[in-house]
Amino acid sequence: MRQFGLTDPGEIGDALSEPPFPSLASLERTIKSLDLRLPRNVSARLLSEALLTAVNDESPATLKWRENFGDPPKLVAIKSGATQAALYHRTIFKALQGIFDGFLSNGRIEQEINTGIHRVDIMFDNFAEKGFFAEIRNRFQLPCTYVPTECKNYTSDLRSPEYDQLAGRLSDDVGRVGLLVFRTIKDRSKALMHQQTKWKKREMIIMLDDTDIMRMYKARYDGRPNDINGILFEKVREILLNSTK
């Protein structure tokens, strides 16, 4: 605060006293609610980013996380298509382990279900007591014992079979929330139609592209796990409110 010529009235210090630290958006709202008289060239967001960077660089929890999971994945170096599909699959698995560390655990690649009739690209156990995967279970009353995940290293937009495949893995016993991870998408409105069709049967498919994966990984890397909740709830908001904005 002093480097910006500001004095903390107390609320900011309390919020940043120990992890888990508030999300960037939450801290920005706190700063805006205070009469700090920010310098003309300093926005609430800039100040929030500087403060979070400072505390996270010193946080033992953040340093330990970086030691365990390392730098962000180099998704841009993986080509879309069948040739590097296995590499993409492994890279996404490792990235999701880091992103959801402390919330989802026991991740497995190629998990057999239905006595081996089907396989799921990635399966996690959901032991979350707070955050998105706890809220989805409690607030929306959706079974979420496991979180099945399908990875698609496609060069084109996903089509009906890909949504049907993941939806076929969802049930009351397994869970009714799944992740569909892919590279990029052109027709977002059409994808939303697929998601809403599944939601009518209480099957929630959360779609994550390269940009989403990198945003969430960076949030964990920077010590801002609460930001991940915001990203995922925006995905839910799109489905429930029929909005891609």
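The values are calculated or read from the model by the stated rules, or taken from the named source; none is laboratory data. Keep in mind it's a predicted model, so treat the numbers as computed, not measured. Every residue, glycine among them, receives a Cβ derived from its backbone with ideal geometry; neighbour counts consider all protein chains shown.
Values for this structure:
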| quantity | calculated |
| --- | --- |
| The stretch 186-245: number of residues that are outside any helix (DSSP H, G or I), under 12 Å from the mean Cα position of the chain (by Cα) and in contact (Cβ under 8 Å) with a residue 60 or more places away in the chain | 2 |
| Selection from the stretch 168-185 of residues that are surrounded by fewer than 22 Cβ atoms within 10 Å (Cβ to Cβ) and either of a type in the set (A, V, I, L, M, F, W, C) or assigned to a strand (DSSP E or B) (or both) | S171, V174, I185 |
| Per-region count, the stretch 58-78, residues free of Cβ contacts under 8 Å to residues at least 60 places away in the same chain and part of a helix (DSSP H, G or I) | 7 |
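The rows are residues; the columns are (1) under 20 Å from the mean Cα position of the chain (by Cα); (2) within 19 Å of R215 (Cβ to Cβ); (3) β-branched (V, I, T); (4) not assigned by TED's automatic domain parsing to the domain that holds I99.
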| site | (1), (2), (3), (4) |
| --- | --- |
| D14 | no, no, no, yes |
| P22 | yes, yes, no, yes |
| S26 | yes, yes, no, yes |
| S33 | no, no, no, yes |
| L36 | no, no, no, yes |
| L52 | yes, yes, no, yes |
| N68 | yes, no, no, yes |
